[in-house]
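Inspection log for the structure reproduced underneath, given as structure tokens.
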Amino acid sequence: MIIKFSNNKMAVFLLLSFIFIKCNTYKKEMLVKGGESQAIENCIIDYYHTNKKYIKEYDNFYIRFIDDEKSNYYHINVLPQRNKISIRMRHVIDSIVTDEFFPTNYKLYNKKLFMWYDKDKTLQKDILDELDKNKLLDSIWLRYDLGIYKDDWDNPSKYPSPPTITIDETIEGVDYIVCKEKIQIFTRVKSNRYISYKVLPKPKCN
């Protein structure tokens with residue numbers, strides 16, 4: 001009985017050691033200092049390694065980045081991207097996009113696509129190619145904008161309808177609050193409900 005207990009104790013110790021080493025390994029990828037893009041990159045790394053259920057189930061993720069210039073924190077939300085992204089006539093390459101939910105920046109991490117709206121980055125062909133490659137880009141609205149499709153009230157089924165947006169209230173998002181001066185320091189909250197920034201736990205940045 002003593003040997004069996006010792007073996008079990010050793011097995012638990014080895015398992016905990018493996019988890020600890022694995023956790024520290026991915027954290028070594030994170031950047032210590034940087035701006036908005038680097039803070040987002042750290043959250044991508046953390047999300048990938050701490051949300052195995054969704055990483056296994058989904059290939060695409062949308063990041064919402066919120067920066068209150070008066071605050072010492074970045075607010076970053078990560079959620080699986082399930083809906084199509086409609087390209088419109090106003091989405092012109094090399095121009096600034098004003099649609100907050102149309103991604104203009106992205107990062108591939110371990111073959112998973114993470115995308116976000118970057119207010120300072122012009123729309124480029126590479127992200128459109130990635131969206132198309134992942135079967136996210138939809139052009140039905142664009143065809144209506146160009147007059148290829150038209151509203152036909154007498155025959156409404158003549159042309160396809162634009163994609164609808166569906167919301168699955170069971171899916172959990174992750175809210176990160178990141179220290180601006182030390183972007184490797186953050187808090188994370190997982191929930192399937194909206195949580196106000198005011199009540200999200202803030203990390204100690206000092």
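The values are calculated or read from the model by the stated rules, or taken from the named source; none is laboratory data. Just so it is clear, the structure is predicted and the values come from calculations on it, not from any experiment. Counting neighbours? That spans all protein chains shown, and the Cβs are built from the backbone with ideal geometry, glycine included.
Is segment 92-102 home to any residue that is of a type outside the set (Gly, Ala, Ser), within 17 Å of the chain's Cα centre (by Cα) and over 21 Å from Asp145 (Cβ atoms)? Looking through segment 92-102, none of the residues is of a type outside the set (Gly, Ala, Ser), within 17 Å of the chain's Cα centre (by Cα) and over 21 Å from Asp145 (Cβ atoms). You will find that of Leu142, Leu123, Leu128, Leu108, the residue that is of a type in the set (A, V, I, L, M, F, W, C), out of contact with any Leu (no Cβ under 6 Å at 6 or more places or on another chain) and closer than 20 Å to Asn77 by Cα is Leu108 and no other.
Any idea which residue in segment 100-152 is modelled with the highest pLDDT, counting only those that are among the aliphatic types (A, V, I, L, M) and out of contact with any strand residue (DSSP E or B) (no Cβ under 8 Å at 6 or more places or on another chain)?
By that ranking, first place goes to Leu123.
Given the residues Ser37, Ser86, Ser71, which is the only one that is within 13 Å of the chain's Cα centre (by Cα) and among the small types (Gly, Ala, Ser)?
Answer to the check: Ser37.
Output the number of residues of segment 44-69 satisfying the condition of being in contact with a His (Cβ under 9 Å, 6 or more places away or on another chain) and part of a strand (DSSP E or B).
Selection size over segment 44-69: 4.
None of Asn83, Asn60 is touching a strand residue (DSSP E or B) at 6+ places or on another chain (Cβ under 7 Å), touching a residue at least 40 places away in the same chain (Cβ under 8 Å), in the same structural domain as Glu41 (by TED's automatic domain parsing) and surrounded by 13 or more Cβ atoms within 10 Å (Cβ to Cβ) except Asn60.
A quick yes/no check of all residues on (1) under 21 Å from Ile63 (Cβ atoms); (2) of a type outside the set (Asp, Glu); (3) in contact (Cβ under 8 Å) with a residue 60 or more places away in the chain; (4) surrounded by 15 or more Cβ atoms within 10 Å (Cβ to Cβ):
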site	(1), (2), (3), (4)
Asp126	yes, no, no, no
Lys133	yes, yes, no, no
Tyr144	no, yes, no, yes
Trp153	no, yes, no, no
Thr170	yes, yes, no, no
Cys179	yes, yes, yes, yes
Gln184	yes, yes, yes, yes
Thr187	yes, yes, no, yes
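Which one of Ile140, Ile148, Ile183 is assigned by TED's automatic domain parsing to the domain that holds Ile85, over 16 Å from the mean Cα position of the chain (by Cα) and within 22 Å of Asn42 (Cα to Cα)?
Ile183
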